[in-house]
Structure formats: structure tokens, C-alpha cells
Amino acid sequence: MRNLFPVLTVVAAIIVLWYGAAVWLNTPWAYDKAQRAGVELSTSELIADTWSQKKPKLPAPHQVTREIWKTTVEKKITSKRSLIYHSWVTLSATLLGFALGTVLGIALAVGIVFNRTIDMSVMPWVITSQTIPILAIAPMIIVVLNAVGIQGLLPKAIISMYLSFFPVVVGMVKGLRSPDHMQLDQMRTWHASGAQTFWRLRLPSSMPYLFTSLKIAMAAAIVGAIVGELPTGAVAGLGARLLAGSYYGQTIQIWSALLVAAALAATLVAIIGLIQRIVLNRMGMAQ
Amino acid sequence: MSNNTIISAKDLSLTFQTNDGPVHALKDVSLDIEKGEFVSFIGPSGCGKTTFLRVMADLEQPTAGSITMNGVSPEEARRARAYGYVFQAAGLYPWRTIAGNIRLPLEIMGYDKADQTERVKRVLDLVELSGFEKKFPWQLSGGMQQRASIARALAFDADILLMDEPFGALDEIVRDHLNEQLLQLWARTEKTIAFVTHSIPEAVYLSTKIVVMSPRPGRIADVIESTLPKERPLEIRDSPEFIEIAHRVREGLRAGHSDA
Amino acid sequence: MSNNTIISAKDLSLTFQTNDGPVHALKDVSLDIEKGEFVSFIGPSGCGKTTFLRVMADLEQPTAGSITMNGVSPEEARRARAYGYVFQAAGLYPWRTIAGNIRLPLEIMGYDKADQTERVKRVLDLVELSGFEKKFPWQLSGGMQQRASIARALAFDADILLMDEPFGALDEIVRDHLNEQLLQLWARTEKTIAFVTHSIPEAVYLSTKIVVMSPRPGRIADVIESTLPKERPLEIRDSPEFIEIAHRVREGLRAGHSDA
Amino acid sequence: MNWLIAGALIWALGWYVNVRLAALPKSRVTSLLVPVIFGVTLIIIWECVVRGLQIQQVLLPAPSVIAARFASSTSILWQDWVQTVLKGMMSGYVIGCLAAFLTALAVDRFDFLKRGLLPVGNFAAALPIIGMAPILVMWFGFDWQSKAAVVVVMIFFPILVNTVQGLAASDAMQRDLMRTYAAGYWKTLFKLRLPMALPFIFNGLKIATTLALIGAIVAEFFGSPIRGMGFRISTSVGQLALDLVWAEIVVAAITGALFYGAVALLERKWTFWHPSQRS
Amino acid sequence: ADDLTLQLKWVTQAQFGGYYVALDKGFYEEEGLNVTIKPGGPDIAPTQVLAGGGADVTVEWMPAALAAREKGLPMVNIAQPFKSSGMMLTCRKDAGITSTDDFAGKTLGVWFFGNEFPFLSWMSKLGLSTEGGEDGVTVLKQGFNVDPLLQKQAACVSTMTYNEYWQVIDAGLTPDDLMVFKYEDQGVATLEDGLYVLEDSLADPAMEDKLVRFVRASMKGWKYAEMNPDEAADIVLENDASGAQTEEHQQRMMREISKLTSGSNGALLEADYERTVQSLLSGGSDPVITKAPEGAWTHAITDKALN
Ligand SMILES: Nc1ncnc2c1ncn2[C@@H]1O[C@H](COP(=O)(O)OP(=O)(O)OP(=O)(O)O)[C@@H](O)[C@H]1O
Ligand SMILES: Nc1ncnc2c1ncn2[C@@H]1O[C@H](COP(=O)(O)OP(=O)(O)OP(=O)(O)O)[C@@H](O)[C@H]1O
Ligand SMILES: Cc1ncc(C[n+]2csc(CCO)c2C)c(N)n1
Ligand SMILES: [Mg+2]
Ligand SMILES: [Mg+2]
């Protein structure tokens, strides 16, 4: 609440800047048109024009807002023109990829923490894996998976997974190793088994780390799903909207898809944050 | 080594290999502790107090010499859950209630449910924490947390209590209070206690025997048998006898310190 | 208030507004400290010792009453760099060598290069750390770090030294040693020292005046003038005079504690 | 079939060797050898699987084919590398870091900005920045400038957030100490808060390395001159030159690893004092 | 019914109207086929999909198919519903372009991803280097849209008669502002949008039979679409999962497409094929294909399908 006023101020400043930038960026096209039509533009006409072009370089905020309104509230959510429908398509791939990435990440982390060989062999490659521009080869992955009969949701989810497993591995390795020597020694004095140590000490201790990485992983998963949608033939999803918008030069459509994607991401991350607060509070580990 | 000897170390040595060369944490340490004794270990930082306790607890392997706990090796003693270990920090799990924390070792050792509940209740009584079982550790003061951690080490049937600076992090007044309680508890339960501390008054006040250690290499500089009675009110610390023992301990420490 | 009064507090109060309501950290505190005195502040946790020191250092603003340092307001005194402040933790910068750390305040205050080097050398000598100037803090023991942090506060020309539990984190033996050194240093430099501690022996051993404080609200419970001579070997702590003063301090503490 | 069996055998052998090596006390040699053996095993298995299952080269080329192509196309690879990495990524990285850093100083200085900008920043950071690529290409043209812009946008928030966090890392006691010296804002900044923030800043810089590379490459998908790694990757698929695509990916991976390594090295040098660097 | 998968070259749009009509009107069903149509996209190489077995038949441009064939992927043209090419280079007059002679020193937008081959042969025929410089042209890889022309980042961009050209018009430029060069008029036209399969498919009689039925139904769809462009456009719109296409644009596209398909009954004309091959072979120092391919097309399917 304390932040409400500053945030609103910043948002207002951004909107003002945005309108200004729209005038600046769209002016050349307005003049270009006017010149070919042989008319003079007054300043007010110019501004009005820059804020209402069909395919502006930068659409004005109200144009984007109207587009979002039209494609969410005014469309049936089953319609292919509804952004809610497309968000759902992206969301499902995101959630699946996120789930797969989390499971893979935790599994790898457990392996790394409990097995020296896995730790030494795999960990450097886990880091290297992220230097491969997966986003750049996403199209190939889609086609190759297609060749072995995997299509639809799964290929997108796999790209999501590739991006989201990494923060989870890194975070969970840290988390599972976060119990200090004293706590581990204590388990030893009680002659606790490896499994008992894992379930009663390592896993609970790793929770704060887990949630922090889950937030990063979720943001990554969305990027993965959207990028995975670009080359699947602009079929459906926010990525497809971005692409189709881009293909037809529909900047308004691009921006609305972008903003909805950001809102989706922010919502998902916020939900994890909420769960984090509840769980950690219950566990007495809230910072 | 009498029949009643609970802990017996002979020519114990432990050398850590570090990047800066070997560190002789313990060198030819021999010591016998009888049943029911309260033995304090005191000495400057790095003299091997903690290491010695950890060897007893099978958390560290000696590089030479031998040690028995209850007549068997530390490892067997650990597997038989023959001792409770209390660390400097309370180290309670924030996600478990006080009762849950005390129940933890019992769960691990496979005590049955009813027995667990019974024992938790008993040790909470013992450390005067009844009524706090449903609280979480962070809802308690530092002294209460430390009491809970002692209760946790008392909950299962171990005759030996190993305590590594359990009150090091507490302020003097709370510490006085806990010292008093610990003495009463020891009297009631007749456990054998090995207790590491940095504080001379604490060592003198609590112990039947004070082991003064000196560093580099870690060894025993002096063993002082206390002449204080078993019954010790806090005021005893202003008595000449007390001051005399404290003085001896300080001398022992100074000797060990200066020739390092 | 004599001509020689360096620190003079009158009816000083400080109330923190917290979510749980106001906390009276200091309430109507009046105290005069003469030039060259060594004044210890002792009292249970939360009685306002740190707060009092911070008010002197202009790190906290009193809500009522007045205080002067060297006859001017704490803020003016701070700007005039009239005091050195030593915190409980050494708080050395890990990315600077020991010499670099000590040079830090000199750089900030704009001493010239040659002077800096000269002063660093002198205070390193003073705290017996010569030879360690090129080391990094984490390569030194806790006691040495604390000595470096004292050197840092001595490097510039401040007549007043404010020390907030500077040895709180160290073990007793190291502490004894530093206490001895601090006394010598005080004798040599003739600074005025305000010293916060939790330890009764430390307070008695060091001070010319012991201020016993009690909490909720934080106020002065007793001011004890020490009758010990200026020359104090460590052994003085076993003398009846010492024990007598210590007893008085403990009584004062206990009184403040129980009526809280 | 024989190839598959060979692959399985090599896997078993490699793993066995690694288990033995890992059991040895950790040294520089083992901690280098073990992952290398693991990686080499993976590559050999890849080769065996491609040959054993007779996977078409247009789907997944064998490592040997990729290596051959790498060797024969060095001039193309070099030209692409210069375009994408030197021009696009590096300029973007430098500009992005500077912009984020200066913004962080402002945000840190003015509490109002901190409370207003950071939440908005978090929202913006959740934005799938990749979606900005076509827009930025439209704004900044086809050449490396638009790639640099994408990189700037991608790395801005991670570095901003880390730097702001770092600037807040000095504890109250250390700031109080500076106050007792009557040190002003700039002195406190340079002598205390910046050094203290370095480990955090480096954290951001490291994350930014991979982001920058990905950003520069992917931006080339949306329009580019006819060179560049992203250009090559995206167009070579259409020409079924998959070996060239993979050669570019190898270049990208090596570049990414080296870039990350270089920043990590710098971090080691500048934050040698931080506990995480000391052990 | 027999299953068959068709991979398109691009996103769902009227360019592929015939297939959607055949699907929607049940022409495939009548032939006992269960056809799945997979839309393409900017990064989907139909040749690769075919190689990977992700589709049985693909719509592809002949230059890309022949290039793939040289790479060892045995693609065969089984039908050619598009008679003529819709490719053109659309230029701004205000950029100083009135004829092909003005290209030198200018920046031209080109599609890559296997679509650059016709352009490259054309430039080599004009004797223009594509490496930039005074007497060459600077090539940029055009993204998905015609922005470079509108933003004056390029003097010319590649357009299709049926699609991108109209986006330029819609954006506000008039035909008078523009100078267009059709590949057909420049004598460098290559065959577009043919149906391709892998050689193996033809060896299998059952598969061959499926293909015959498929081509027959598809051609029926194309002819229907030519007759009923608006209805065909509606069908396309219904099949567009992205919901990004507009009715106006698709109807217009369908009409333009009809101009390209109307000359074909589905069978490949050998002369057209030879012209394409010649154009690709003559690519100067770096020709698209190095030798005339053999067996790159067959009339086996169309012969059976159309009689
Ligand atoms: N795991 C280890 N590896 C290497 N050296 C160690 C290890 N544990 C302890 N040491 C060293 O062994 C010596 C004895 O350490 P120990 O912890 O037993 O001392 P201590 O008497 O408990 O000291 P303190 O009072 O500070 O707790 C020290 O020099 C210490 O640095
Ligand atoms: N910044 C603050 N905001 C609110 N309350 C504070 C603040 N600083 C101190 N207090 C409260 O003021 C009281 C006195 O605190 P102070 O730190 O001066 O005690 P102290 O005597 O130094 O205790 P200790 O021995 O634990 O250091 C305490 O109740 C403390 O909780
Ligand atoms: C990135 C990219 N841009 C253009 C094309 C070329 N292309 C092939 S079919 C078709 C439809 C025409 O409306 C177009 C434009 C492509 N394949 N990929
Ligand atoms: Mg210890
Ligand atoms: Mg304090």
C-alpha cells in the first residue's frame, strides 16, 4: 500500500512518455502520408494522426488498451480471436513445461546432492546447457520431435522445460545443501538414515530456495512456451499472435499480445509468491 | 580405569590435513570420565575442545590412540544412541513446534507414538517448558530455545550428555539461570555430562572436574577436581573456595596460552 | 558540570515508535563524563546502552533532554570528527588490507598521503599488529581483527573513544589480553573512553566509573566510582577490593533486573 | 545395432571411470577430467545413435559431420561471429550494463523511485522480452543496432535489480561507521557501498551474458543483413544445411561459455575477498 | 479411410485455399481419405518435415525442392496446381527505382529460408553482386512483413502478388508510388506451390493410389475455389486457428491466387520445369543447383488422377 502512490506515479510517467514517443516515432509516416496526399498537417492534426494510425510504429496506450478490451472482454473465450483463448493455449504449455522442468530440476538436484559422480559429471554441463541458444533452435526441435510423432502441447512444453529446469537445479542444489554442518551432524548423532535426513532436514530447509527458483523458472517457462509457438505455424497461443501480428505488421496486435503475456507472467509469478508466503509462514521460515 | 569408567581416551591424537599443512587438533590426550561426573572442558579457541567432543560422538575419526564410550567404540555407541549431543546454537527446526522438535529424534529412532508423547511431556517438564509445546521456536526467547534443545537431547535414553558451549550465545543473566537449572537436572537424572565452555565461572560452578586444554597442539594442560559441594547455590560464586578454583583454572589457562 | 566535562547528558530521553507501540530506550538519563575517564556501561539486554552511545555519536536523535560532547552538539562533534567509534563486530572491509582499513577514515578525512602512512604505522604499533599490514582481515583471528578496528578508531585525532561491546564476540582468554592492552593504551593516550559491556569483571577491571543501567524504560540504576588504582595487573581481579566492586555491580544489576 | 551396443558400452565405461575418479579426493585434475569424460561420452553416444538408428542428416547430423563442417566453414563462422557477437551482443551488453547501473544509482538514491520503479520493473522483467524483438527490429533497422537494442532490453532488469540489491547490501553498522567519519554520499558510495555491491553486480553480469547471446541471436530471426549467427541458423535450416546450423550452435555454446568464464574470472579478481570466492 | 498428412509452406491463408476447400467440402472424404493439413510458418522447412516423416505430402517451391534433392533428399514433384509465379519485387519510386538498372547500390529485402533462390538467379542474370557495394545490391533478410519498405529501410522488398503487395497498399502507399517487378515478366519465374513427396512413396502402390486420390480431390478443391473465391476465403478463415486473418484480405488473396492456378490442371508442364531448372543452373559462380536433376518430377500421379 505504501508503494501505491510511487507506483502510480511511475506508471503515469511511463504513459506520458509513451504518448510522447508515439508522436515522435509515428510522425514520419504521418508526414509521408500527408505529403503523398498533398496536404499540410497542423500540429493538432499531426498528433491526432500519430495516435490513431492503423499500423503505427508505436501504438498509443489507448489503442492497445482498446484492442485488449476488444479481444478479451468483447469476444467469447472460445473464439479464436479471443486473447483469453490464446492465453489459455500458452498457459497450458507453460504449466506443463514448468511442471516438467520443476520435476527434472528437483530430480537432478537430488542426484547431484546425493551422488558425487553425478555432481562432478553433470553440474558443469547443466551450466553449459544454458549457453546453447535453445530459443534459436526451437524450430528444429519442434520439427524433430514432430518427426518422432510428438506434437501439439508437448514440444512447446519441452522448450519451456529446457529453460525452466535450470534455475530449479541451481536453486535446489543450493537449498538441499543449505542445512549447516551442525544440523547434519545432529542427524548423525541420532543415527538417522539418508532418507530420514532428506525428508526431515534437507527438503524442508530447501523450501525458501525452491520458491525463489520457481519464480524464475515460471518466467522462463512462459518465454519458452511463447518461443515454442512461433514456429509451430502460427497456430494458436500468444506467441502465434505475436507472430501473426508481426507478419501482417499489426503493431497494435503485437503490443496487446505482449502486454497480456506480461500480465500472465506477472500473475503466475505472483501466485507462486503467494504460495511461498503461505508455506514459509507456516514453516516459520518467512524472511 | 575403574569399572565405572564411562568415557576413556588413551593417547588420542587427531591431525587435520589442511591446505596450510597439518593441524594437530588433539595430541596424546588421555582422560577417564567416571559415571555420573560433570566434566567441563575449557581452553582458548582452537585448543581442540570441540574436536574432542566430536571424537566422542563419532563425528570425527582420531588418527591415533583409542577411545571407548560405555566400553565400546564411539561408532557403536552412536549406533546404540548412547549419548545426546547439544550444540552451541539451539538448532531447532523452525517448521516444527517445540514438541515436534523434541519428538524428532524419537521419530527417527522409531519409538512408538504413545511413548513419544509421553517422553516429550516428561522432558518438557524437566526443562520447565510445559505449556510451550505448541509454540514455534521463533516464538521463544534464546534461553528457552536452548532449554528445548537440551530437552531434545534428553528425550531418548542416553546416559551420556555431550554439550558444546550450549550457552555460549546467551547473555550473562539468562546464562546464570540456565546453569542453575542444568545442575538440578544433572542431580535428578544422574547422567554423565561432558561440557565445553569458554567461561571460567561457568566451568567452576558446574563441574566435578575441570579439564583445562591448551592449543597447538591441542592437549590437556591440567585436570582440576572440584572441591565444591554437590549442592551449589548461585551465591557460591563469591565464596573463597570458588575463587580459589577459578584462580587455578585461570593459571592453567595462562600457562597454556603463553607457551603457545 | 566542571570545566573538564567532556560528555554531559541532561534528562536525556529517547523513545522509539515501533509497531508494538513506543519503546522507551532511554528515560531521563543524566550523566557527566570528565576528561580522561574510562566509563563502562553495563546492564541487561535492551536497557539502552547502545542507544546511549549512539546518541553521543549523533547516530540517533534524542526525543527530549540535551547532550553536549566537548561542549557542542553531537552533530557538530561528529562533523568535527571528535570521536572514534568501535562496534561490537570488527566490521573491517574484506577487500582492504589491514593497513588499507586503518587508512580508510584518514582518506575520507583528507589527510595527506605521507601523514596517512605515518599514522597507520603508529597505530599498528600501538595495537601490536605491526607486520600484519598487508594481510586481509579474513586472514586474521577475531581478536586481531578487533585490535585492527580499534586502531582504525585511533588513527585520527579524536579525544573521545566510544566502544560498544568491542570484545563481546571474543573468547575470555583473548578478551583478558585485549583488556590489558586497552588499559595501557588508555594510559598512554589519555583519551576519554565510553565503553559498553555485558561482563562484570571486564567493567570492573577497566573502568574509573561504572554506569549500571536497567531496562524498560532504559535508565541509570547506579553509578559506581572505582576505587582501584590506575595501575591494574590482571591479578587485581582476585583482590578483595575488586570482588567487592564486582559484587556491588552485580547487586545493582540484579535490582534493575527484578523490578522490570 | 552394433553402433547402439557400442554406444551403450561406451556409456557404461565412461560412467565407471567417472565413478572411480569421483571417489578420489577432489583435485583440480579430477574436477576437470570427470565432466570432460562425461561430455565426450555423450558426444560419442550421439554419434553412435545417429549411425545406429540411421537418423537422417537433415534431422540430426552426427558430431563427426558437424566437426567436418565446422572445419570447412571457418570463414563463414568467423564472419557471423563478428556480426552477432562483436557488433550486436557486445555493444548491447556494454550499453545495457551502463544504463542499468546508472539507473540503479538513481533508484538507490531516491527512495521514491525505488518504491515506484522496482515493482514496475518486476512486471517488465516478466515480459517475454523476446516478443520485443520484432518491434525493436522495426525501430532500429536491420543491422546490428537493433540486435544491440534487444540485448539492452533483455539484460537491463536483471542487472538493475541485482545492483539495487547490492547497493543495499552494506549493513547498518558499516553505514553508521561512515557516518561517524562524517563521510558524504559519494565517499560512502565509492568506499563502502560499491565494493559491497560488487558480488551482486557480478551475479547480474553473469546472468546477462547468456541472455545477451540469446537476445542477439534470436533478434536476427526477425530481419538481418545476410550474415550473423542467428541469420545462419534460421536460414540454413531452410537449405537443409543442418550441419552448418549445428556448427553455429557449437560456436554459440563456446562463445557463451567463454564469455561467462571471462566475467567469472573478473569476478574472482575483483571480489577475491568475498566468502564465496575464498573457499 | 486412409490417413494422409499435408504440410503447408506457410500459415493458413487463401494461398492454400484449394486444400482447405477440398477438406471442408468433403472432396477428400469422397475419395476415402482422411487428410490432416498442417500449417507452416516462418521457421518450418517443409522439406525437413517431409524428411522426418512428419508429413506424406508437402507444398513447396521448386527451387527449394531441387536444392534439397541435391542435398540427397529425394523429393519428387507429383503435381503442380500453380501455373505461374506470384513473386515480385516491390519498390518505392521515391527511392529512385524505375527499372532494374537502378538496383545497383540499393538495399533490397529478400526472403531466405529456401525462398532466396529465385532472387539469387535473377541477380546473377542481371550481373549484380549481392555482396553490397557500388555496383552490387545490399541484401537484407526480410522479416515477416513489409515494414522495411514502409520505413524506407529498403528500396525494394519481396512481395507476393496475392499477399504482401496488398499489405503495402493497405498501409497507405498507392500503386502510383510503387514500381513492381514480377519475376514472370523478368523471365526468371520459377515454379511455386507444387506438391512433393519422397521417392519411396511412389514405390509403394498403396501409397501411390492414395496420392492419386489426393491429387484428384485437391484439384477439385482448387477448381471449386477458383469458381467461388469468397466462399473459399470463408473456409480458410474458419480453419485459421490464430484468428489473425481478416475476411477482406483473404477474399482478395483468393482472387489473386485464382489467377495463378487457373492455368493449371494439376499436371506439371515439362517446359515450365525446364525453365525453372535452367534459371537455377545459371546462378553464376554460386548456382542454386549444380547439375540438372533427374527424376525430380513424375506424371505418374497426375496421369492417373486426371483421367
Ligand atoms: N574440519 C576441520 N578441518 C581442518 N581443521 C580443523 C577442522 N576442525 C577443526 N580444525 C582445527 O582444529 C583445531 C581445533 O579446533 P576445535 O574446533 O576443536 O577448537 P575449539 O577448542 O573447539 O575452539 P573454539 O573455542 O573456537 O570452539 C583448530 O585449529 C581448528 O582450526
Ligand atoms: N532502531 C530501533 N527501533 C526500535 N527500537 C529500538 C531501536 N534500537 C533499539 N531499540 C530498542 O530500544 C531498546 C534499547 O536498545 P539498545 O540496543 O540500546 O539496548 P542495549 O542495552 O544495547 O542491549 P544489548 O545488550 O542487547 O546490546 C531495546 O528495547 C531495543 O529493542
Ligand atoms: C520468414 C519468411 N518470409 C517469407 C517467406 C516466403 N514465403 C513463402 S510462402 C509465402 C506466402 C506468401 O504470402 C511466403 C511469404 C518464408 N517462407 N519465410
Ligand atoms: Mg569449539
Ligand atoms: Mg547493544
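The values are calculated or read from the model by the stated rules, or taken from the named source; none is laboratory data. Because the structure is a prediction, the values reported are computed rather than measured. All Cβ positions, even for glycine, are placed from backbone atoms using ideal geometry, and neighbour counts span all protein chains on display. Accessible surface areas use protein heavy atoms only, side chains included; no ligands, DNA or RNA. Shrake-Rupley method; radii C 1.70, N 1.55, O 1.52, S 1.80 Å.
Numbers at a glance
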| item | result |
| --- | --- |
| Subset of the stretch D:217-235 (residues that are touching a helix residue (DSSP H, G or I) at 6+ places or on another chain (Cβ under 7 Å), at the interface with another protein chain (Cβ under 9 Å from one of its Cβ atoms) and part of a helix (DSSP H, G or I)) | D:I217, D:V218, D:E220, D:F221, D:F222, D:M229, D:G230, D:F231, D:I233, D:S234 |
| Any hit, the stretch E:93-109, residues being charged (D, E, K, R), closer than 25 Å to E:E294 by Cα and within 12 Å of another protein chain (Cβ to nearest Cβ) | no |
| Scan of the stretch D:98-140 for residues that are in a loop (DSSP other than H, G, I, E, B) and modelled with pLDDT of 85 or more, ordered by number | D:F110 |
| Filter pass, C:L162 being more than 16 Å from ligand 3 (Cβ to nearest atom), at pLDDT 90 or above and closer than 30 Å to C:W95 by Cα | yes |
| Output for the stretch D:19-40, where each listed residue is under 19 Å from A:T128 (Cα atoms) and within 8 Å of chain A (Cβ to nearest Cβ) | D:T30, D:S31, D:V34, D:P35, D:I37, D:F38, D:G39 |
| Flag for A:L153 being more than 9 Å from every other protein chain (Cβ to nearest Cβ), open to solvent by 50 Å² or more (accessible area, probe 1.4 Å) and touching a residue at least 40 places away in the same chain (Cβ under 8 Å) | yes |
| Condition met for C:F156 (away from chain B (no Cβ under 14 Å), of a type in the set (A, V, I, L, M, F, W, C) and within 16 Å of ligand 5 (Cβ to nearest atom)) | no |
| Boolean, D:G204 is touching a Ser or Thr at 6+ places or on another chain (Cβ under 9 Å), more than 10 Å from chain A (Cβ to nearest Cβ) and open to solvent by less than 30 Å² (accessible area, probe 1.4 Å) | yes |
| Single condition C:V212 does not satisfy, out of (1) open to solvent by 10 Å² or more (accessible area, probe 1.4 Å); (2) within 16 Å of ligand 5 (Cβ to nearest atom) | (1) |
| Candidate set from the stretch B:215-260 (those that are without any contact (Cβ under 8 Å) to a residue 24 or more places away in the chain and β-branched (V, I, T)); member that is most open to solvent (accessible area, probe 1.4 Å) | B:T227 |
| Flag for E:F119 being open to solvent by less than 10 Å² (accessible area, probe 1.4 Å), away from ligand 5 (no atom under 16 Å from the Cβ) and within 14 Å of chain D (Cβ to nearest Cβ) | yes |
| Subset of the stretch D:35-77 that is touching a Lys or Arg at 6+ places or on another chain (Cβ under 9 Å) and among the aliphatic types (A, V, I, L, M) - its residue that is surrounded by the fewest Cβ atoms within 10 Å (Cβ to Cβ) | D:I76 |
| Out of A:I127, A:I84, sole residue that is within 30 Å of D:V34 (Cβ to Cβ), open to solvent by 30 Å² or more (accessible area, probe 1.4 Å) and assigned to a helix (DSSP H, G or I) | A:I127 |
| Some residue of the stretch A:206-216 being within 9 Å of another protein chain (Cβ to nearest Cβ) and open to solvent by less than 30 Å² (accessible area, probe 1.4 Å) | no |
| Members of the stretch B:74-88 that are in a helix (DSSP H, G or I) and free of Cβ contacts under 8 Å to residues at least 12 places away in the same chain | B:E76, B:R79 |
| Helices (runs of 4 or more DSSP H) fully within the stretch B:165-260 counting 3 or more residues that are modelled with pLDDT under 85 and in contact with a Phe, Trp or Tyr (Cβ under 9 Å, 6 or more places away or on another chain) | B:172-189 |
| Subset of the stretch E:121-141 [more than 15 Å from D:S224 (Cβ to Cβ) and touching a Leu at 6+ places or on another chain (Cβ under 9 Å)] | E:S121, E:W122, E:M123, E:D135, E:G136, E:V137 |
| Of all residues in the stretch B:107-133 being of a type in the set (D, E, K, R) and part of a helix (DSSP H, G or I), the one that is farthest from the other protein chains (Cβ to nearest Cβ) | B:D125 |
| Residue match in the stretch E:270-290 (condition: modelled with pLDDT of 85 or more, open to solvent by 60 Å² or more (accessible area, probe 1.4 Å) and assigned to a loop (DSSP other than H, G, I, E, B)) | no |
| Test: C:M69 is closer than 14 Å to C:V211 by Cβ, within 14 Å of chain D (Cβ to nearest Cβ) and away from ligand 3 (no atom under 16 Å from the Cβ) | no |
| Subset of the stretch C:78-133 (residues that are open to solvent by less than 50 Å² (accessible area, probe 1.4 Å) and on the phi > 0 side of the Ramachandran plot) | C:G91 |
| Residues being in contact with a helix residue (DSSP H, G or I) (Cβ under 7 Å, 6 or more places away or on another chain) and open to solvent by 40 Å² or more (accessible area, probe 1.4 Å) - total across the stretch E:12-29 | 2 |
| Count of residues meeting criterion [open to solvent by 30 Å² or more (accessible area, probe 1.4 Å) and in a helix (DSSP H, G or I)] in the stretch B:145-164 | 2 |
| Filtered residues of the stretch D:230-251 (kept if in contact with a Gly (Cβ under 7 Å, 6 or more places away or on another chain) and either within 16 Å of ligand 5 (Cβ to nearest atom) or at positive phi (or both)) | none |
| Residue list for the stretch B:214-236, restricted to those being within 16 Å of ligand 4 (Cβ to nearest atom), in contact with an Asp or Glu (Cβ under 9 Å, 6 or more places away or on another chain) and within 14 Å of chain C (Cβ to nearest Cβ) | B:S214 |
| Considering residues of the stretch D:82-119 that are more than 25 Å from the chain's Cα centre (by Cα), closer than 22 Å to A:A266 by Cα and of a type in the set (A, V, I, L, M) only, the residue farthest from the other protein chains (Cβ to nearest Cβ) | D:V107 |
| Condition met for B:I150 (modelled with pLDDT of 85 or more, among the β-branched types (V, I, T), under 22 Å from B:I108 (Cβ atoms) and touching a Pro at 6+ places or on another chain (Cβ under 8 Å)) | yes |
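Listed here are the residues, each with its yes/no results for (1) facing another protein chain (nearest Cβ under 7 Å); (2) open to solvent by less than 10 Å² (accessible area, probe 1.4 Å).
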site: A:G224; (1), (2): no, yes
site: A:G228; (1), (2): no, yes
site: A:G237; (1), (2): no, yes
site: A:S256; (1), (2): no, yes
site: A:A263; (1), (2): no, no
site: A:V269; (1), (2): yes, no
site: A:M283; (1), (2): yes, no
